[in-house]
Amino acid sequence: MTGQIPDTFIYRGERYDMIGVRGGELVAPEQFGMTPVSMSSACWRGFYVTYELASEGLFLRELVLREEDDEYKPIDGVMPVGEQGEKAYSNLNVRVPFTGKIRIARDFIRGRYVHMGFQSPTAYKTVHDVTLEDGMVKDIIDRSNEVEKLREEIDKRPSVDDLPGLAGWIDKRFSLDMDLE
């Protein structure tokens, strides 16, 4: 298995990985009349997205997609570029009216990479929870210190193979829930 390509958020000029979401999906190809299919073992869902958190709100900036029938449709008047298979919609300016909470992170710790699903908060040095209402930022909480303490606790635990809990661990790897661990 392979770690999944996360969605990206540009915030204050920095790139962050989205590692959690609560409140529904932000953007999906189905909203634009397209059906994604798996690109590779690193992208089972068939697409990944770049957003920007700006003072004017949350915007879709790029969508990379592999469309089921190879029938790509315009998004905000933009057609994708690429060879057969996955194609990229770039330079988008689509406002996203998402209401909910996202968890974004940067400064990935390579030694904490997990070869399955999405990476956990403890795999990053910088972690923020962002609350949005109709695409506007309402609150940002820096969770970095809390995650660092959790990482220290995890490092103290003995390493034990827990085969009865394996199915739950696998489900958790592909979840973008807002639990810290």
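Number of residues in segment 11-42 that are free of Cβ contacts under 8 Å to residues at least 40 places away in the same chain and either in a strand (DSSP E or B) or of a type in the set (Val, Ile, Thr) (or both): the value is 4.
For segment 45-59, filtered to residues that are touching a residue at least 24 places away in the same chain (Cβ under 8 Å) and within 13 Å of the chain's Cα centre (by Cα), the residue that is surrounded by the fewest Cβ atoms within 10 Å (Cβ to Cβ) is ARG45. Taken over segment 90-125, the criterion of being in a strand (DSSP E or B), surrounded by fewer than 19 Cβ atoms within 10 Å (Cβ to Cβ) and in contact (Cβ under 8 Å) with a residue 24 or more places away in the chain is satisfied by VAL94, ARG95, GLY100, LYS101, ARG106, PHE108. Looking across segment 60-77, the residues that are free of Cβ contacts under 8 Å to residues at least 40 places away in the same chain and among the hydrophobic types (A, V, I, L, M, F, W, C) come down to LEU60, LEU63, VAL64, LEU65.
Quick note: the coordinates plus some simple rules give every number you see, no bench work behind them. Remember, it's a predicted structure, so these values are computed and weren't measured experimentally. Neighbour counts run over all protein chains shown; Cβ positions are idealised from the backbone, glycine included.
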